[in-house]
Amino acid sequence: MFKLAVLSGKGGVGKTTITVNLAYAFRDLGKKVGIVDLDLTGPNVVRALNIDSLTVSIDAAEVKYIPIEHDGMKVISMASVIPEDQPLLLKGADSDSLTYTREAIIREFATRVNWGNIDILVMDCPPGTVDEVTSGLRYFKPDGAVVVTTPHSMAYVDYVRVVKMLKDYDIPILKTVVNMAYFDAECPHLTCKEKYHRYKIFYDKDIKYENAYELPIKQEIASTHRVDLKELATIILSGIKEVVKQ
Ligand SMILES: Nc1ncnc2c1ncn2[C@@H]1O[C@H](COP(=O)(O)OP(=O)(O)OP(=O)(O)O)[C@@H](O)[C@H]1O
Ligand SMILES: [Mg+2]
């Protein structure tokens, strides 16, 4: 099983959207896929997948969680363990009560889920370098990462921090997804050959990303959370092949 972490420095840049759509793309390319939602306080994967029944069950004999099966993929999320109207009573490492620590839950997800026979586990992380992320890196030991950012100079600082953390953990970055990087608009000039023009947005001229893959800002993505990522998934699959070879 190849464990692929999807991370970002800043929040709201599109990690969950990219996790879920990459998962569908991998599935459509013939892979058996699992998704683990490491965002314990904002577990949005279930919502982005349109799952409404919360049906994680327990394999009592093995003492393991059995993931939800959805659209041919396996999913584990805090939202599939605790009903949506219940508060998530989580503590940091310094817990002195009956509430769970974030680290303990990530460890459960890493060690007690019966994934069965899957090829790729896509890990949706919360933003930054918080407990869930560092625990996720330690317990899951991802084999590769996709870093998501938007082309704002303010997001860049946080992007650099995450890149440094991944280097420290020796986790290869298979792609930087620069999300909401441009929009396509109909050409206003009668002389243009192409009907649509690509307009870059937010870009600060000094910003340089390594190994970048740009995605447009699109109304359909915002409203449906869906975007066809087969091209990106194919690029990542060849990156995975390289990593596995080494
Ligand atoms: N390329 C895009 N075009 C338009 N809307 C987008 C695009 N990418 C993401 N969005 C929208 O932006 C919002 C934030 O996306 P998402 O929840 O995937 O970000 P996130 O990085 O997972 O956030 P968080 O840090 O809170 O986990 C969502 O409503 C999503 O539909
Ligand atoms: Mg998210």
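Tabulated values for the structure
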{"read-out": "Heavy-atom surface of region 97-246, accessible at 1.4 Å and reported per residue (Å²)", "value": "57"}
{"read-out": "The chain: calculated mean residue ellipticity at 222 nm from DSSP helix runs of at least 4, using -39500 (n - 2.57)", "value": "-9500 deg cm²/dmol"}
{"read-out": "Loop sites in region 126-213: trypsin sites (Lys or Arg not before Pro), DSSP, at most 11 other Cβ within 10 Å", "value": "Lys193, Lys195, Lys205, Lys208"}
{"read-out": "In Hz, Karplus ³J(HN,Hα) per residue of region 125-140 (6.51, -1.76, 1.60; θ = phi - 60°; x = Gly, Pro)", "value": "9, x, x, x, 10, 6, 2, 4, 6, 5, 5, x, 5, 6, 7, 7"}
{"read-out": "Cα convex hull of the chain, projected area averaged across orientations, nm²", "value": "15.6"}
{"read-out": "Along the chain, longest interval not containing exposed GluC sites (Glu not before Pro), exposed being DSSP loop plus at most 12 other Cβ atoms within 10 Å", "value": "85-193"}
{"read-out": "Global form of region 100-159, assessed from the alpha-carbon gyration tensor, a/c cut-off 1.5", "value": "oblate"}
{"read-out": "Longest DSSP-loop-exposure-free segment, chymotrypsin sites (Phe, Trp or Tyr not before Pro), the chain, at most 15 other Cβ within 10 Å", "value": "1-168"}
{"read-out": "Residues with amide H under 5 Å from that of Ile35, placed H, sequence gap 5 or more", "value": "Lys74, Val75, Ile76, Val122"}
{"read-out": "Prolate/oblate/rounded call for region 12-89, Cα gyration tensor, a/c under 1.5 rounded", "value": "oblate"}
{"read-out": "Percent accessible area from carbon and sulfur atoms, region 97-176, protein chains only, probe 1.4 Å", "value": "53"}
{"read-out": "Other-chain or far-sequence residues with amide H under 5 Å of Gly144's (modelled H)", "value": "Lys3, Ala5"}
{"read-out": "Ratio of the Cα radius of gyration of region 149-246 to 2.2 N^0.38 Å, where N counts its residues", "value": "1.30"}
{"read-out": "Long-range amide H partners of Leu215 with built H, under 5 Å", "value": "Val178, Asn179, Met180, Ala181"}
{"read-out": "Degrees between helix 153-168 axis and first principal axis of the chain (Cα, 0 to 90, nearest 10)", "value": "50"}
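The values are calculated or read from the model by the stated rules, or taken from the named source; none is laboratory data. Because the structure is a prediction, the values reported are computed rather than measured. Cβ atoms come from the backbone with ideal geometry, glycine included; neighbour counts cover every protein chain shown. Heavy atoms of the whole protein, side chains included, go into the accessibility calculation; ligands, DNA and RNA do not. Shrake-Rupley method; radii C 1.70, N 1.55, O 1.52, S 1.80 Å.
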